[in-house]
Amino acid sequence: MEKIVTVVFDTEADAFKGGEALRDLHWNGDVTVYSAGIIEKDANGEVSIKKEADEGPIGTALGMVVGAMIGVLAGPAAVASGAAVAGSAAAASAATGGLALGSLTGGTLGMIGDLYKSGVDLDILDEVSAALEPGKFALIASVEEYWTAPTDIKMKAAGGQIFRQSRIDVVDDMFVRDMETFDRDLATLNEELKEANEENRAAIKASIENVKARMTASKEKAEKRLSELSDDFKERTAKLDEQLTKAAEGAKTKIEKRKSEIKEDYEERSAKLKKAAGIAKEALT
């Protein structure tokens, strides 16, 4: 399963040493690194990017998650307020700290949305923020770990404190649930329209049009996500194929197994999105 691995280091040199160690693990086939980047929190508590999430054996579209993690941590009041937006347990710390959602920029809110859609539990931002004290650095990476020991050994040897967060998809199921709800609401309203007197018909028709508009918007989002999912699948497969050309012989079986799992996951998730779009198409016809 893909994870967001964040490793906090005391020095910049250690963080880059950790990045090189992660790169070596990638080419040895112990992990697959999709994207990675390094950030710094200075003595004043300001967060800046030391290494963009687009170098080495990492991705382009797949860099979105790491880029969003970095961006949110760098944003104003990002951790607690951002988690509160997403409805995580970190809302409590937002309230305790008296942080206002108004302090967040539209870009930061967008990145929080990207993380949520990507299946990242935003509670991890609280943990990382607490460990990332002024003067420290963090390596953030989107990886597949075939076993955790190699990463643990290498990162601890570089002086790092490791945090892991599995990415769990929730959004694709949400599209289907929402579309089924819209479909039921539309059917109910159409039945009400048949029985309504003239006085109530205008209000019911307005409600029907509102549901149809929301359904159309959701259908367009599902279709867009389906396209993004296809691109994501192709890029992951290409990265694994590239890794296979250099990985140690003993690691190739694990990488091939992961390719099969990614294909199965893609087919399952795309089927949900196609179902959601299909419900809308039938209801709106």
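Can you name the residue in the stretch 154-202 that is loosely packed, with under 13 Cβ neighbours inside 10 Å and among the aliphatic types (A, V, I, L, M) and, of all such residues, is nearest to residue 3 (Cα to Cα)?
Here the answer is 168.
If I ask for residues that are at pLDDT below 90 and either over 19 Å from residue 149 (Cα atoms) or surrounded by fewer than 19 Cβ atoms within 10 Å (Cβ to Cβ) (or both), which ones from the stretch 1-11 would you list?
1
What are the residues in the stretch 217-232 that are surrounded by 14 or more Cβ atoms within 10 Å (Cβ to Cβ) and more than 13 Å from residue 172 (Cβ to Cβ), if any?
219
Working only within the stretch 12-35, note down all residues that are polar (S, T, N, Q) and open to solvent by less than 60 Å² (accessible area, probe 1.4 Å).
32, 35
For residue 43, are the conditions met, namely being in a loop (DSSP other than H, G, I, E, B) and at pLDDT below 80?
No; evaluated as a whole, the condition is false for this residue.
Each row is one residue, and each column tells you yes or no for (1) modelled with pLDDT under 75; (2) outside any loop (DSSP other than H, G, I, E, B); (3) over 15 Å from the mean Cα position of the chain (by Cα).
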site	(1), (2), (3)
66	yes, yes, no
82	yes, yes, no
95	yes, yes, yes
108	yes, yes, no
124	yes, yes, no
135	no, no, yes
150	no, yes, yes
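Quick test for you: out of 279, 262, pick the one residue that is assigned to a helix (DSSP H, G or I), within 24 Å of the chain's Cα centre (by Cα) and surrounded by 16 or more Cβ atoms within 10 Å (Cβ to Cβ).
The unique qualifying residue is 262.
Out of everything in the stretch 243-255 that is loosely packed, with under 14 Cβ neighbours inside 10 Å and not small (Gly, Ala, Ser), what residue ends up being farthest from the chain's Cα centre (by Cα)?
249
Output the number of residues of the stretch 1-29 satisfying the condition of being basic (Lys, Arg) and within 17 Å of residue 66 (Cα to Cα).
Counting residues in the stretch 1-29 that are basic (Lys, Arg) and within 17 Å of residue 66 (Cα to Cα) gives 2.
Can you name every residue in the stretch 1-25 that is more than 21 Å from the chain's Cα centre (by Cα), of a type outside the set (Asp, Glu) and closer than 20 Å to residue 256 by Cα?
23, 25
Just name the residue that is modelled with the lowest pLDDT out of those in the stretch 155-169 that are closer than 20 Å to residue 262 by Cβ and touching a helix residue (DSSP H, G or I) at 6+ places or on another chain (Cβ under 8 Å).
We begin by selecting, within the stretch 155-169, every residue closer than 20 Å to residue 262 by Cβ; these are 164-169.
Checking which are touching a helix residue (DSSP H, G or I) at 6+ places or on another chain (Cβ under 8 Å) leaves us with 165, 167, 169.
On the way: 165: 81, 167: 70, 169: 63.
So, considering only residues that are closer than 20 Å to residue 262 by Cβ and touching a helix residue (DSSP H, G or I) at 6+ places or on another chain (Cβ under 8 Å), the one modelled with the lowest pLDDT is 169.
The values are calculated or read from the model by the stated rules, or taken from the named source; none is laboratory data. Everything quoted here is computed from the prediction, not taken from an experiment. Positions of Cβ are backbone-derived with ideal geometry, glycine not excepted, and every protein chain shown enters the neighbour counts. All accessible areas refer to the heavy atoms of the entire protein, side chains included, with ligands and DNA or RNA removed. Shrake-Rupley method; radii C 1.70, N 1.55, O 1.52, S 1.80 Å.
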